[in-house]
Amino acid sequence: MILMIDNYDSFTFNLVQYLRQLGEDVRVHRNDQISLAEIEEMNPAAIFLSPGPCSPKEAGITVDVIRRFHRHIPMMGVCLGHQSIGYAFGAEVVRADRIMHGKISRINHDGKNVFKGLPNPFPAGRYHSLILKRGSLPDCLCVTAETEDGEIMGIRHREFPVEGIQFHPESILTPNGKRILRNFLNLLPSGEDEVNSPDNFRTAAAYI
């Protein structure tokens, strides 16, 4: 089961629909209508952190979820979810030079994990006015994707199973979006035999 933390965004259920089309059982809870204890009890296979209209400081339980569960539950953040991952580990969230709402950018990436097998670069839809400040990223996070002018479009934790993308994989403007989500799901261990596999998040550090 996958838990979707809904940051009150209209795109959340597009993400949910994609994940369900990929065969996943997805349960959605808004960021102020679930507790850390309830998440602990649910024990999801992964946590998705949705886009949202605010900043990480106003995203309810989202940042606390990252800090509490990042060591043992794989996570993927989209847009606000991505910014919240950076913020949770100490990065600065700042205003972008340009507001990008419904705009397409070419995304350069490292070809690993969620970007495995994708064209490089590929087009993606962006809907945001905030970004992670590049020079503020802590050592535990690495940049995995960026625009041609150097804005951060993807991050990954160097040790734990955490991925963030600034653009929207669920947007019609991101033709490879479902492949990105499938790549994330393919990294989740499906049983004890996969715990030490180099092809899942249990050995995420090997990809850095």
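Read the figures in this text as sums done on the coordinates, not as results from a lab. All values derive from a computational prediction rather than experimental measurement. For neighbour counting, all protein chains shown are included, and Cβ atoms are generated from backbone atoms with ideal geometry for every residue, glycine included.
Tell me which residues, restricted to the range 94-110, are among the acidic types (Asp, Glu) and outside any loop (DSSP other than H, G, I, E, B).
Of everything in the range 94-110, just one residue is among the acidic types (Asp, Glu) and outside any loop (DSSP other than H, G, I, E, B), namely Asp97.
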*Taking Val16 as the residue in question, decide whether it is in contact with a strand residue (DSSP E or B) (Cβ under 9 Å, 6 or more places away or on another chain) and under 15 Å from Ile131 (Cβ atoms).*
no
*Could you figure out which of (1) in contact with an Asp or Glu (Cβ under 6 Å, 6 or more places away or on another chain); (2) among the hydrophobic types (A, V, I, L, M, F, W, C); (3) within 14 Å of Pro169 (Cβ to Cβ) isn't true of Ile104?*
(1)
*asked:* Which condition from (1) of a type in the set (Val, Ile, Thr); (2) in contact with a Leu (Cβ under 7 Å, 6 or more places away or on another chain); (3) under 17 Å from Ile155 (Cα atoms) is the one that Val63 breaks?
replied: (2)
*Output the residues belonging to the range 13-66 that are of a type in the set (Asp, Glu), closer than 15 Å to Ala88 by Cβ and either buried (at least 16 other Cβ atoms within 10 Å of the Cβ) or under 16 Å from the mean Cα position of the chain (by Cα) (or both).*
Asp64
